[in-house]
1. Let me check I've understood the local charge: for Thr84, count other residues with C-beta under 13 angstrom from its C-beta, Lys and Arg +1, Asp and Glu -1. What total comes out?
2. Per residue of the chain, what 222 nm ellipticity follows from adding -39500 (n - 2.57) for every DSSP H run with n ≥ 4, rounded to the nearest 500?
3. PRE reach from Leu287 (point 7 Å along Cα→Cβ): which of segment 324-347 fall under 18 Å by backbone N?
4. By how many degrees, between 0 and 90 and to the nearest 10, does the Cα long axis of helix 24-44 differ from the longest principal axis of the chain?
5. Under the 0.36 nm per residue contour assumption, what length would be gained going from the current alpha-carbon distance of Val415 and Phe179 to full extension?
6. Cross-link partners among lysines for Lys396, C-alpha distance below 20 Å, same-chain residues fewer than 8 apart left out?
7. Relative contact order, percent, of segment 1-126 when contacts are C-alpha pairs under 8 Å separated by at least 6 residues?
8. Rank these for me by crowding, Asp91, Asp271, Asp302, going from fewest to most other beta carbons within 10 Å.
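Coordinate-derived values only; no laboratory data. Source: prediction; values computed, not measured. Neighbour counts are summed over all protein chains in view; Cβ atoms, including those assigned to glycine, are modelled from backbone coordinates with ideal geometry.
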Amino acid sequence: MDFDPVTLSRVQFALTVMFHYLFPPLSIGLGAIMVLLEGTYLKTGDRRYEAATRFFTKLFAVNFAVGVATGIVMEFQFGTNWSTYSRFVGDVFGSALAAEGIFAFFLESGFLAVLVFGWDRVGKKMHFFSTLMVFLGSTFSAVWIVIANSWQQTPAGFHLVGEGAAMRAEITDFWAMVFNPSAMHRLNHVLLGSLLQGAFFVMSLSAFYLLKKRHVGFAKRTFTVALVLGFVSSITILISGHAQANAVAENQPAKLAAFEGHFETGEGGADLYLFGWPDEEAREVKLGVALPGMLSFLIHGDTETPVKGLDRIPDDEEPPVAVPFVTYHLMVALGMFFIGVTSLALFLRWRGTLWDQRWLLKVFVVAVAGPYIANQTGWVAAEVGRQPWVVYGLLKTQDAASPSVPGEQIFASIVLFSLIYLALGALWVVVMNSKIQHGPEDPEGGDAEGHEGQIAVAADVLDPASPHHLTGRAAPEEA
């Protein structure tokens, strides 16, 4: 077996990053839903929205914990597997990661305690403020991570010092580094993808309850809130994706050519492939269906202007094509699905017939997988598409790995991490499923099971000694 250290280091980093990235988008998206629900409770005084926020807080806390545990590993890999890379980007990444720790992680983790444990210990406005701060902390964390990653894609605001293996990048303009040419486009796309993931997670859970005729009142309210957020996010992420693709065409033409399977520049307009399979040896897309001139139209505004193809890229700088092409097109196809399914559901909700469409509710139960896949494939397309560079135009991946770490050790750590992550993933599924099966507490004593006309005895709900108290455990038949 070939234990190539660079290849194995890339596999290990991909494994840890992709597993970790299952959790932060849900934290951001679910945090936004919680802000909307608790804000509604604060404005209306309707305790059903409070109960909904309490329920999602439990799921948020589980997701946050696993996300933190899996995120720490990535930073250690910079020093163990990618020492040359760490030396080169350390002065740049140091400021971005420090900003994440100060302005994001401390904010999020500090107010998380108030969010989870402060329901009966602080006022309603203070608790809502803590919910808002946790959501903003999750968002700021994404901001600084995306800025750091985007600098690798489109470096700006720096100069190089040293020579050979000791060469490194130093910041000369902090704000130019922050607002590098791809940062804001990519940040918008990441945050909108996170909102989609949170919205589809809540819609999936709510649709499940509606199909089971459990917690019907809760499910209808939360589905509606998430549906509006999901519809708006699916439309705006299409606009964001178009803007980002134009930025990629300007700053990383080789990556765009890989996304689109655009091998030859040609003299006229470039076609836009809807699907197909790129054959890198034959330099063509096989079994492809394309819209003539549409790629030129999307980039230049007309169907005749040529688009730079892979034939204009030096051989030693040409990215692989198959993986970026497939993952990029899968992400776009899922984006179209999100727009279609949320538009249909919103129309039926307006007509008042959504809850009768069991087939559509079943679609929403499984559709939660869509944003997870789209977020993962989007990152894969972006990262593989920039190869062979780890810092675009400055440092190649082959030159960035640690020279002293043998491949056998990296392979052993991959096996170990895989086992640990399988255990963590199983634990996440079991705990989340347990809380979902239990369901939300119902302050109106029956609404959660679909009996919306029943009225709870307020003293029983509010009495801390009661088993039905909002912060206690309800009996299974009351859940």
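1. Numbers: positive: Arg87, Arg168, Lys396; negative: Asp399.
Local net charge: +2.
2. On the way: 16 runs with 311 residues, N = 479.
After summing the helix terms and dividing by the residues of the chain, the value is -22500 deg cm²/dmol.
3. Answer for this model: 324-331, 333.
4. On a 0 to 90 degree scale, this one is about 40.
5. Working: separation 236, 0.36 × 236 = 84.96 nm, distance 3.83 nm.
Extending this stretch completely gives an extra 81.1 nm.
6. Straight-line reach from Lys396, under 20 Å: Lys255.
7. Numbers: 53 pairs, mean separation 36.6, N = 126.
So the answer I get is 29 percent.
8. Values: Asp91 14, Asp271 22, Asp302 10.
Fewest to most other Cβ atoms nearby, the residues stand as Asp302, Asp91, Asp271.
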